[in-house]
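Undergrad: Got a structure for you, questions after.
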Amino acid sequence: MAGAGHQAWSANLYSTIGDMFPKSAIATITGIGTMFGGLCSFAINKGSGMLFTYADGMGDAFSFFGQTGKPAGYMIVFCYCAVAYLIGWVIMKTLVPKYKPIVLE
């Protein structure tokens with residue numbers, strides 16, 4: 001279900017780019033978005049690793065939503081994952097409030 005949801009999200013995102021930008025700019029816009037996604041993926045993985053190392057070192061002193069130690073770190077990451085697509089949707093709606101073709105001159 002998660003894989004299908006992710007694929008639905010990406011298909012809609014790519015079709016939005018194709019609907020809004022002229023043909024000459026679609027590859028560039030897609031490449032910029034993909035690069036940003038890759039950089040954010042690196043940052044999330046690096047941050048998660050640092051979080052798990054910190055949580056493991058703190059032991060029971062580190063807690064989040066009733067979890068302590070490394071499970072608390074996992075709880076933080078899974079809570080972020082639960083709202084990541086909503087955050088992405090809000091960012092997209094903030095940057096593009098109306099879907100209309102963009103004219104490049």
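Undergrad: What number of residues within the range 54-69 are part of a helix (DSSP H, G or I) and either touching a residue at least 12 places away in the same chain (Cβ under 8 Å) or surrounded by 15 or more Cβ atoms within 10 Å (Cβ to Cβ) (or both)?
TA: Keep residues of the range 54-69 that are part of a helix (DSSP H, G or I), which gives 54-61.
Those still in the list that are either touching a residue at least 12 places away in the same chain (Cβ under 8 Å) or surrounded by 15 or more Cβ atoms within 10 Å (Cβ to Cβ) (or both) too: 54-56, 58.
Count: 4.
Every residue, every condition in (1) exposed (fewer than 11 other Cβ atoms within 10 Å of the Cβ); (2) assigned to a loop (DSSP other than H, G, I, E, B); (3) without any contact (Cβ under 8 Å) to a residue 24 or more places away in the chain; (4) under 20 Å from the mean Cα position of the chain (by Cα), yes or no:
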position: ALA4; (1), (2), (3), (4): yes, no, yes, yes
position: TRP9; (1), (2), (3), (4): no, no, no, yes
position: GLY31; (1), (2), (3), (4): yes, no, yes, yes
position: GLY38; (1), (2), (3), (4): yes, no, yes, yes
position: SER41; (1), (2), (3), (4): yes, no, yes, yes
position: PHE52; (1), (2), (3), (4): no, no, yes, yes
position: TYR74; (1), (2), (3), (4): no, no, yes, yes
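Undergrad: What number of residues within the range 15-51 are among the aliphatic types (A, V, I, L, M) and within 30 Å of PHE62 (Cβ to Cβ)? Break it down into steps so the answer makes sense when it comes.
TA: Step one: filter the range 15-51 for residues among the aliphatic types (A, V, I, L, M), giving 17, 20, 25-27, 29, 32, 35, 39, 43-44, 50-51.
After this cut, where a residue has to be within 30 Å of PHE62 (Cβ to Cβ) as well, the list is 39, 43-44, 50-51.
Qualifying residue count, the range 15-51: 5.
A quick yes/no check of all residues on (1) at positive phi; (2) modelled with pLDDT of 85 or more; (3) not aromatic (Phe, Trp, Tyr):
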site	(1), (2), (3)
GLN7	no, yes, yes
ASN12	no, no, yes
GLY18	no, no, yes
PHE36	no, yes, no
LEU39	no, yes, yes
LYS46	no, yes, yes
MET50	no, yes, yes
GLN67	no, no, yes
CYS81	no, yes, yes
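Undergrad: When the residues of the range 76-105 are narrowed to those that are in contact (Cβ under 8 Å) with a residue 24 or more places away in the chain and β-branched (Val, Ile, Thr), which ends up most open to solvent (accessible area, probe 1.4 Å)?
TA: Of everything passing the filter in the range 76-105, VAL103 is most open to solvent (accessible area, probe 1.4 Å).
Undergrad: Ok, one more. Looking at the range 11-29 only, could you name the residues that are among the aliphatic types (A, V, I, L, M) and exposed (fewer than 11 other Cβ atoms within 10 Å of the Cβ)? Break it down into steps so the answer makes sense when it comes.
TA: Applying the first criterion (among the aliphatic types (A, V, I, L, M)) to the range 11-29 yields 11, 13, 17, 20, 25-27, 29.
Across the range 11-29, the qualifying residue is only ALA11.
The values are calculated or read from the model by the stated rules, or taken from the named source; none is laboratory data. Note that the structure is predicted; figures quoted are calculated from it, not measured. Neighbour counts are summed over all protein chains in view; Cβ atoms, including those assigned to glycine, are modelled from backbone coordinates with ideal geometry. With ligands, DNA and RNA removed, areas are computed over all heavy atoms of the protein, side chains included. Shrake-Rupley method; radii C 1.70, N 1.55, O 1.52, S 1.80 Å.
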